[in-house]
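Each reported figure results from applying straightforward, stated rules to the coordinates on display, with no laboratory input. Keep in mind it's a predicted model, so treat the numbers as computed, not measured. Neighbour counts are summed over all protein chains in view; Cβ atoms, including those assigned to glycine, are modelled from backbone coordinates with ideal geometry.
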Amino acid sequence: MDFKIGCHLSSAGGYLAMGQTAESIGANVFQFFTRNPRGGAAKPIDRADVKAFLAYAAEKGIGPILAHAPYTLNAAGAEDRVREFAESTMRDDLKRLELTPGALYNFHPGSHVGQGAEIGIALISGMLNRILAPELKTSVLLETMAGKGSEVGRNFEELRKIVDAVELGDRVGVCLDTCHVWDGGYDIVDDLDGVIREFDAILGLSRLKAIHLNDSMNARSARKDRHACIGRGKIGKEALARVINHPRLRDLPFYLETPNDLDGYRAEIALLKSLRSDA
Ligand code: FE
Ligand code: FE
Ligand code: ZN
């Protein structure tokens, strides 16, 4: 199978522009924010742009695309208006994504803001139960979190509890962020096999649909969540090379969210391609 590698791109120019940008930097997948990452209304969908993108993506072999919900989306918030924003935003994002069938939709489970993880988990799964429908053409993914503040999803067990409380839990996937799991305490440097075994035992590897490939500025278990460029952080190039080559992970799509401009991403994608064992 082809190496699926790409990065986060600006959605300002629309879908076709993202596809063309991806192609120009050697990427065959990409991630984008569904709207301003700090929230607010989404731009109206340009159907002609979507149609042109779908044709382009099919021709160039681009995808799956990964839509990232805004950071401000907090299904576990304590205030009604925070949870209502989360729910209406996700509902609207998923409606728009029906135009690009087979997309992935990643969101941060939320922060319980002092209510406790159990309440946070109930609020998140409650929202998913009201939104998910069997006919959805998009896979909804929970992102593994670093555990800063009161983040829910700081370990595999918390994600499992969310999944278990969702009626359509079989359809809920996971996006593993290498920086977040490292900052959250998982030793992907010296025990990648053990971490993958643990993921499989708790969540099931069939649920893992995407990897956010990031180095980390911080030491393991720092619970900080600060991304570094590949090879410039505490995880390091060798450990990340083992991630992209691991037999249980290598067929997944990898999305860089490293602090880079487009030239930086182009160079990082080239580096990762050179680190693939079939390169
Ligand atoms: Fe994220
Ligand atoms: Fe991430
Ligand atoms: Zn992060």
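Collect the residues in segment 21-62 that are in contact with a Pro (Cβ under 8 Å, 6 or more places away or on another chain) and either within 19 Å of D251 (Cα to Cα) or β-branched (V, I, T) (or both), keeping them in residue-number order.
Those that are in contact with a Pro (Cβ under 8 Å, 6 or more places away or on another chain) and either within 19 Å of D251 (Cα to Cα) or β-branched (V, I, T) (or both): V29, T34.
When segment 172-206 is examined, which residues are found to be part of a helix (DSSP H, G or I) and within 17 Å of I121 (Cα to Cα)? Quick ask: steps written out before the conclusion?
The first filter runs over segment 172-206 and keeps only residues part of a helix (DSSP H, G or I), leaving 178-183, 192-202, 205-206.
Within segment 172-206, just I202 meets the criteria.
Quick one: K209 ticks every box in (1) outside any loop (DSSP other than H, G, I, E, B); (2) surrounded by fewer than 22 Cβ atoms within 10 Å (Cβ to Cβ); (3) more than 16 Å from ligand 1 (Cβ to nearest atom) bar one, so which box is it?
It fails just one condition, (3).
Can you tell which of G110, G102, G126, G114 is more than 20 Å from the chain's Cα centre (by Cα), on the phi > 0 side of the Ramachandran plot and not hydrophobic (A, V, I, L, M, F, W, C)?
G114
Would you be able to tell me the number of residues in segment 239-265 that are among the charged types (D, E, K, R) and assigned to a helix (DSSP H, G or I)?
So the first thing to find is which residues in segment 239-265 are among the charged types (D, E, K, R), and the list is 242, 248, 250-251, 257, 261, 263.
Going one step further and asking which of them are assigned to a helix (DSSP H, G or I), we end up with 242, 263.
Selection size over segment 239-265: 2.
Are there any pairs with C-beta distances below 6 angstrom linking a residue in segment 49-75 that is polar (S, T, N, Q) to a residue that is crowded, with 22+ Cβ neighbours inside 10 Å, with the two at least 6 apart or on different chains, and if so which?
Sorted first by the residue in segment 49-75, then by its partner, the pairs are N74/A86; N74/G110.
For segment 200-223, which positions are away from ligand 2 (no atom under 16 Å from the Cβ) and either in contact with a helix residue (DSSP H, G or I) (Cβ under 6 Å, 6 or more places away or on another chain) or not charged (D, E, K, R) (or both)? Spell out how you get there, then give the answer.
Here is the first cut: in segment 200-223, the residues away from ligand 2 (no atom under 16 Å from the Cβ) are 200-207, 219-221.
Correct list: A201, I202, L203, G204, L205, S206, A219, R220, S221.
Hand me the list of helices (runs of 4 or more DSSP H) wholly inside segment 30-141 holding 1 or more residues that are hydroxyl-bearing (S, T, Y) and within 20 Å of S10 (Cα to Cα). Give the steps one after another, and end with the answer.
On the way: elements: 47-60, 80-97, 117-131.
Hits in segment 30-141: 47-60, 80-97.
Using beta carbons and a limit of 6 Å, which pairs, at least six apart or on different chains, have the first residue in segment 224-246 and free of Cβ contacts under 8 Å to residues at least 12 places away in the same chain and the second one assigned to a strand (DSSP E or B) and away from ligand 1 (no atom under 16 Å from the Cβ)?
none
Suppose the filter is of a type in the set (K, R) and out of contact with any helix residue (DSSP H, G or I) (no Cβ under 6 Å at 6 or more places or on another chain); does R248 pass it? So that I can check it myself, show each step before the final result.
Values: of a type in the set (K, R): yes; out of contact with any helix residue (DSSP H, G or I) (no Cβ under 6 Å at 6 or more places or on another chain): no.
No: the conditions fail for R248.
Just wondering, is there one or more residues in segment 250-259 that are away from ligand 1 (no atom under 16 Å from the Cβ), within 26 Å of A103 (Cα to Cα), surrounded by fewer than 14 Cβ atoms within 10 Å (Cβ to Cβ) and in contact (Cβ under 8 Å) with a residue 60 or more places away in the chain?
yes
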